[in-house]
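Worksheet: one structure, shown below.
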Amino acid sequence: MRILSGIQPSGTLHIGNYFGAIKRIIESQNEGELFAFIASYHALTSVKDKEVLEKNIFDVAVNFLALGMDPEKSTFWAQHHVKEVLELYWLLSNHTSMGLLERAHSYKDKTSRGIQANHGLFSYPVLMAADILLFDSNIVPVGKDQIQHVEIARDIASSFNHSYKKELFVLPESKVDEVLATVPGTDGAKMSKSYGNTIDMFGTKKSIKKQVMKIVTDSKELDEVKEWENCNIYKLCELFMKDEELKELQVRYSTPGEGYGHFKLTLLEKINEYFAPYAEKRQHLIDNPNKVKEILDFGANKARKIASSKMEILRDSVGLL
Ligand code: ADP
Ligand code: TRP
């Protein structure tokens, strides 16, 4: 079974990205043959600065590798190193109706927020379909916001198969982790880099502390009993604590004497503890950028072999051999 997923290098990775996407991608290495890539072409829809894009691609690579991506066992590459995907994007474009793209929620949300639409943003789902279909992917683990894009990939694949009367593409399925709720940001809304409410995965101790201290709570005093049910600090603690620890925390909320500042420090400690084991490997990769480049080249070579033989078949099937 082939599992494929991509992550855009469009900004500093936060714990919402981690619990919503990265963690599951890395864990899926044990569930099938994993293809994971840095969606660098997709990031061009929002990042228009050379240095920033280069840095983001490097950061995503370093973070994935530090967190356990195994480049031998899985195939891990940067999207722009396997250019066959752009050729497939064009073949698929000719089997994608305007209506299908006009109905895409993500496109509609962005344009309704005033983002100036261009063709790249409009055709984003076609490139994503090319990513998925090029590798005959069966399963695509994604966040809820990406389910429709996987459905679009299925629609395009069926229409292509139908036109050429051949099962040229596998119909992919999305896999969403239902238990996984949306990670809240420091203001209680969905954590997102666009809302400035994030907590970074690998910031400095000081910068993470600053973000944690920003978490919005009610204004109960030290000597009052507090409610953990709807507290943003507690919701974030749920990501890092086992049941027993959560029970202890509930007791602290119900016992007057401590304030939200204390609970924030507990959360901060948990975040630092959680990511600490990966810090050394991460630093080693940061200090050895050539090693990171080598790993990405190795992955691109593996991915390109599959992509180029698939493109041979497709060119032949459409009359372009
Ligand atoms: P952002 O909202 O910060 O721009 P992206 O849209 O780049 O993040 O998301 C990258 C991945 O991380 C997606 O798969 C998305 O579903 C997941 N993700 C982002 N924010 C959250 C969140 N707050 N909770 C759960 N998953 C998230
Ligand atoms: N659109 C995805 C996101 O923003 C990233 C992505 C690009 C992707 N191509 C993909 C995810 C293919 C899964 C499969 O999160």
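Please work out the average accessible area per residue across segment 202-282, using the 1.4 Å probe convention, and give it in Å².
Normalised by residue count, the accessible surface of segment 202-282 is 62 Å².
In segment 32-86, which trypsin sites (Lys or Arg not before Pro) are in a loop and have at most 16 other Cβ atoms within 10 Å, using DSSP for the loop call?
K48, K73, K83
Could you tell me the distance between the Cα centroids of segment 219-268 and segment 167-213, to the nearest Å?
21
At a Cα cut-off below 17 Å, give the aspartates and glutamates reachable from K302, other chains included and same-chain residues fewer than 8 away excluded.
E33, D70, E72, E84, D131, D136, E294, E312
Would you tell me the accessible area of R154, worked out with a 1.4 angstrom probe on the heavy atoms of the protein chains, in Å² to the nearest 10?
80
Go through segment 168-268 and name the trypsin sites (Lys or Arg not before Pro) that are in a DSSP coil and have 10 or fewer other Cβ atoms within 10 Å of their Cβ.
Answer in residue order: K242.
Per residue, what volume in Å³ does the convex hull of the Cα atoms of segment 128-283 enclose? Before the final figure, lay out each step's value.
Working: hull volume 22.4 nm³, N = 156.
Considering the Cα atoms of segment 128-283, their hull volume per residue is 143 Å³.
Pop out the ³J(HN,Hα) list for segment 61-77 in order, Karplus 6.51 cos²θ - 1.76 cosθ + 1.60 with θ = phi - 60°, rounded to Hz; leave Gly and Pro as x.
Per-residue couplings from phi come out as 4, 4, 5, 4, 5, 5, 7, x, 5, 9, x, 7, 6, 10, 10, 10, 8 Hz.
With a/c under 1.5 counting as rounded, go ahead and sort the chain into rounded, prolate or oblate using the C-alpha gyration tensor (a ≥ b ≥ c being the square roots of the eigenvalues; past the cut-off, prolate if a/b is larger than b/c, else oblate).
On the way: a/c = 2.27, a/b = 1.83, b/c = 1.24.
Since a/c reaches 1.5 and a/b is larger than b/c, the shape of the chain is classed as prolate.
Might you tell me the accessible area per residue for segment 15-110, computed with a 1.4 Å probe and given in Å²?
43
Which percent of the accessible area of the chain is formed by carbon and sulfur heavy atoms (probe 1.4 angstrom)?
Roughly 52 percent of what the probe reaches on the chain is carbon or sulfur.
Helix-only mean residue ellipticity at 222 nm, the chain, DSSP H runs n ≥ 4 weighted -39,500 (n - 2.57), per residue, nearest 500. What is it?
The helix contribution divided over the chain gives -16500 deg cm²/dmol.
Name the residues of segment 244-266 whose amide N is less than 15 Å from a point 7 angstrom out from the Cα of V225 along the C-beta direction?
250-258
What is the distance in Å between the Cα centroid of segment 271-315 and that of segment 1-69?
Comparing the Cα centres of segment 271-315 and segment 1-69, I get a distance of 10 Å.
If you fit an axis through the alpha-carbon atoms of helix 243-254 and take the longest principal axis of the Cα set of the chain, what angle between them do you get, 0 to 90°, nearest 10?
Rounded to the nearest ten degrees, it is 40.
Which of rounded, prolate or oblate describes segment 202-282 when judged by the alpha-carbon gyration tensor and an a/c cut-off of 1.5?
Cα axes put segment 202-282 in the prolate bin.
How far, in degrees from 0 to 90, does helix 147-164 lean away from the longest principal axis of the Cα atoms of the chain, to the nearest 10?
The two axes meet at around 10 degrees.
The values are calculated or read from the model by the stated rules, or taken from the named source; none is laboratory data. Here the structure is a predicted model, which is why all the values come from computation and not from measurement. Here the Cβ is made from the backbone with ideal geometry for all residues, glycine too, and neighbour counts use every protein chain on show. These accessible areas exclude ligands, DNA and RNA; they are computed on the full protein's heavy atoms, side chains included. Shrake-Rupley method; radii C 1.70, N 1.55, O 1.52, S 1.80 Å.
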